[in-house]
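Asks: Sending over a structure as structure tokens; questions will come in a sec.
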Amino acid sequence: MKKTIPLIVTFITGVIMTVEYFSPHPLVQHPKAAIEKWGISVMSAMIVLGTLNILIVNLPRIVRKERDWMYKAIMVAAMIATAGLGFYEQGKFDDKGSFSNWMFTHLLVPLQSTMFALLAFYITSAAFRAFRARSVEATLLLAAAIIVMLGRVPIGELLSAKLTGGALNLPDLVSWINDVPNLAGKRAIMVGAALGAISTGIRVILGMERSYLAG
Amino acid sequence: MMETMGAWVGVGLTVFILSFLYKDNPFYKLAEHIYLGVSAGYWLVVVFHTNILPELIMPLRESGGDPGKLAMALTPIALSLLMFATLFKKIAWLATIPIAFVIGAFAGAQIIGFASSDLIIQIQSSMQPLWASGQTTWREAINNWIGFAGLICCLLFFFFSREHKGALGAASRVGMYFLMISFGASFGYTVMGRISLAIGRAQELYDYHYATLVFTVLVVAGVFLTGRLRKPPAESAEMKQP
């Protein structure tokens, strides 16, 4: 029963979501609309569960004063403060002048963009260490990356114009790389990924792929 | 007042996170945990007001005792509540029902979604005129040939049902070259995207240079002091022996 019920649920929802594309009949369209709505609700519940899990995992560690308990306390306090203010102001994160908007603008946005910006340094440093023109493939990878990076900044355009006497325009070369070889590679990956996703979807609906039931 | 305070907080947190470039330190950990907490709290509120309230609670209130509407309102609530069964060991398996529901819905949706948007659209878009005529110039035709040949060779590279030898091997090798150019270009675009984010942060640090200076001094002094105050590693048993 523990496996059968979820497999039946997967089969029914999967078949309805697939068949709706081929039939405009209300008998199919109404359940499809309901499944979509309910699916979003379940995913919302997952986020609430995740938040609850943060408390369940961290609160005992804070109480026991385990290693790094102060950071965990700060995390929980930040979460409660943001959620508390958000609920108090009815989730109006867009309203200028609200505390929620203040927290979003001055805490979340700088933190998020700095975290992502930090990756720029690590990607660059990793590339510096890993990129070696040892083979044709590695050379192509390296050359494409350098051309794209240089071609997207004004100095790249200036350098290419000065060095080649105007014969080569780096931004144009970047556009060509993007429109021709990059597009061909990306299309192949998308076609391959689509075929893989379709076959995985069929396997999941038919109950051949059950890894999500484990644990 | 609030804006200035906010700018100082934003700059402080930016400096705290950037301090990780030197090494892991308490300032970075502080900012990291604030980020985790604020993100979790933010998404909880957003999800509550955009999904839970309008899709779960309001339909229940608006059902007005109509059995059909009530059933439609109670089903997603029941499915959502089943997710919380995972917190109780004895009934944890019940949580697989809503998971199966979502997985099934997404599996069905992705079959159609990928087939119609990725597979068919991509194949359709790759069918470009290969000869210069009418509105197609020779330059475009050559580019179309390169794109078409590249796509076929890349697809052959992903074809694993036969050993890559002979003509198939040569074509798949060309396909690999195209893929390498594609990966290189993607890498370049990713780096440039991150760099533009870094420039945005640097601009804010420059705009509030007093705050930047104060927090930089604080972080440098703090990292230096925590490094000095850290206990030296305990001597091993062999070292202690005379």
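Asks: Does A:Asn101 fit the bill of being touching an Asp or Glu at 6+ places or on another chain (Cβ under 8 Å), more than 9 Å from chain B (Cβ to nearest Cβ), of a type in the set (S, T, N, Q) and buried (at least 16 other Cβ atoms within 10 Å of the Cβ)?
Replies: yes
Asks: Looking at this structure, is A:Ile198 closer than 30 Å to B:Ala85 by Cα and either part of a helix (DSSP H, G or I) or touching a residue at least 12 places away in the same chain (Cβ under 8 Å) (or both)?
Replies: Against the criterion (closer than 30 Å to B:Ala85 by Cα and either part of a helix (DSSP H, G or I) or touching a residue at least 12 places away in the same chain (Cβ under 8 Å) (or both)), A:Ile198 does not qualify.
Asks: Which of (1) part of a helix (DSSP H, G or I); (2) surrounded by fewer than 18 Cβ atoms within 10 Å (Cβ to Cβ) does B:Leu56 not meet, given it meets every other one?
Replies: Result: B:Leu56 fails condition (2) only.
Asks: Do the conditions hold for A:Met190, that is, is it open to solvent by 40 Å² or more (accessible area, probe 1.4 Å), on the phi < 0 side of the Ramachandran plot, in contact with an Asp or Glu (Cβ under 6 Å, 6 or more places away or on another chain) and not in a loop (DSSP other than H, G, I, E, B)? Walk me through it before giving the result.
Replies: Details: open to solvent by 40 Å² or more (accessible area, probe 1.4 Å): yes; on the phi < 0 side of the Ramachandran plot: yes; in contact with an Asp or Glu (Cβ under 6 Å, 6 or more places away or on another chain): yes; not in a loop (DSSP other than H, G, I, E, B): yes.
Here the answer is yes, as A:Met190 does meet what is asked.
Asks: Being farther than 17 Å from B:Leu94 by Cα and surrounded by fewer than 21 Cβ atoms within 10 Å (Cβ to Cβ) is true for just one of A:Ile47, A:Ile35. Which residue is that?
Replies: Exactly one of A:Ile47, A:Ile35 is farther than 17 Å from B:Leu94 by Cα and surrounded by fewer than 21 Cβ atoms within 10 Å (Cβ to Cβ), namely A:Ile47.
Asks: With the structure loaded, tell me whether A:Leu213 is in contact with a Leu (Cβ under 9 Å, 6 or more places away or on another chain), modelled with pLDDT under 90 and facing another protein chain (nearest Cβ under 9 Å) or whether it fails that test. Give the steps one after another, and end with the answer.
Replies: Working: in contact with a Leu (Cβ under 9 Å, 6 or more places away or on another chain): yes; modelled with pLDDT under 90: yes; facing another protein chain (nearest Cβ under 9 Å): yes.
For A:Leu213, the condition - in contact with a Leu (Cβ under 9 Å, 6 or more places away or on another chain), modelled with pLDDT under 90 and facing another protein chain (nearest Cβ under 9 Å) - is met.
Asks: Which one of B:Ile146, B:Ile111, B:Ile121 is of a type outside the set (Phe, Trp, Tyr), open to solvent by less than 40 Å² (accessible area, probe 1.4 Å) and in a helix (DSSP H, G or I)? Walk me through how you get there before you give the answer.
Replies: Details: B:Ile146 fails: open to solvent by less than 40 Å² (accessible area, probe 1.4 Å); B:Ile121 fails: open to solvent by less than 40 Å² (accessible area, probe 1.4 Å).
Step by step, each of B:Ile146, B:Ile111, B:Ile121 is checked, and only B:Ile111 is of a type outside the set (Phe, Trp, Tyr), open to solvent by less than 40 Å² (accessible area, probe 1.4 Å) and in a helix (DSSP H, G or I).
Asks: I would also like to ask the following. Take A:Glu89 and decide whether it is open to solvent by 50 Å² or more (accessible area, probe 1.4 Å) and among the acidic types (Asp, Glu).
Replies: Against the criterion (open to solvent by 50 Å² or more (accessible area, probe 1.4 Å) and among the acidic types (Asp, Glu)), A:Glu89 does not qualify.
Asks: Considering each of B:Leu81, B:Leu94, B:Leu87 in turn, give the residue that is in contact with a helix residue (DSSP H, G or I) (Cβ under 9 Å, 6 or more places away or on another chain) and buried (at least 18 other Cβ atoms within 10 Å of the Cβ).
Replies: Just a single option satisfies the conditions, and that option is B:Leu94.
Asks: Can you find even one residue in the stretch B:152-173 that is over 30 Å from A:Pro31 (Cβ atoms) and among the acidic types (Asp, Glu)? Quick ask: steps written out before the conclusion?
Replies: Applying the first criterion (over 30 Å from A:Pro31 (Cβ atoms)) to the stretch B:152-173 yields B:152-173.
Those left that are additionally among the acidic types (Asp, Glu): B:163.
Yes, the stretch B:152-173 has at least one match.
Asks: Only one of A:Ile123, A:Ile146, A:Ile177 is among the hydrophobic types (A, V, I, L, M, F, W, C), open to solvent by 70 Å² or more (accessible area, probe 1.4 Å) and within 11 Å of another protein chain (Cβ to nearest Cβ). Can you tell me which?
Replies: A:Ile146
Asks: How about the stretch A:58-98: which of its residues are among the hydroxyl-bearing types (Ser, Thr, Tyr) and either more than 9 Å from chain B (Cβ to nearest Cβ) or not in a helix (DSSP H, G or I) (or both)?
Replies: Correct list: A:Tyr88, A:Ser98.
Asks: Among the listed residues B:Gly65, B:Gly12, B:Gly6, which satisfies the condition of being more than 18 Å from A:Tyr71 (Cβ to Cβ), crowded, with 17+ Cβ neighbours inside 10 Å and outside the structural domain of B:His209 (by TED's automatic domain parsing)? Talk me through it step by step, then tell me what you get.
Replies: Working: B:Gly65 fails: crowded, with 17+ Cβ neighbours inside 10 Å; B:Gly12 fails: more than 18 Å from A:Tyr71 (Cβ to Cβ).
From the options B:Gly65, B:Gly12, B:Gly6, the qualifying one is B:Gly6.
Asks: Name the pairs whose Cβ atoms lie under 9 Å apart, with the first residue in the stretch B:138-150 and at the interface with chain A (Cβ under 8 Å from one of its Cβ atoms), the second among the charged types (D, E, K, R), and 6 or more positions between them or separate chains?
Replies: Qualifying pairs under 9 Å: B:Asn143/A:Asp179; B:Gly147/A:Asp179; B:Gly147/A:Arg187; B:Gly150/A:Arg187.
Asks: Is it the case that B:Ala40 is at the interface with chain A (Cβ under 9 Å from one of its Cβ atoms), farther than 28 Å from A:Thr10 by Cβ and open to solvent by less than 30 Å² (accessible area, probe 1.4 Å)?
Replies: Numbers: at the interface with chain A (Cβ under 9 Å from one of its Cβ atoms): yes; farther than 28 Å from A:Thr10 by Cβ: yes; open to solvent by less than 30 Å² (accessible area, probe 1.4 Å): yes.
Yes.
Asks: Would you check which residues across the stretch B:124-143 are open to solvent by 90 Å² or more (accessible area, probe 1.4 Å), polar (S, T, N, Q) and in a helix (DSSP H, G or I) and list them?
Replies: B:Gln124
Asks: Right, another one. Taking the criterion of being over 24 Å from the mean Cα position of the chain (by Cα) and modelled with pLDDT under 95, would at least one residue in the stretch A:185-199 satisfy it?
Replies: So far as the stretch A:185-199 goes, no, none of its residues is over 24 Å from the mean Cα position of the chain (by Cα) and modelled with pLDDT under 95.
The values are calculated or read from the model by the stated rules, or taken from the named source; none is laboratory data. The model shown is predicted, which means the values in this text are computed figures rather than measured ones. We place every Cβ from the backbone using ideal geometry, glycine too, and count neighbours over all the protein chains shown. Just so you know, the surface numbers come from the protein's heavy atoms only, side chains and all, with ligands and any DNA or RNA stripped out. Shrake-Rupley method; radii C 1.70, N 1.55, O 1.52, S 1.80 Å.
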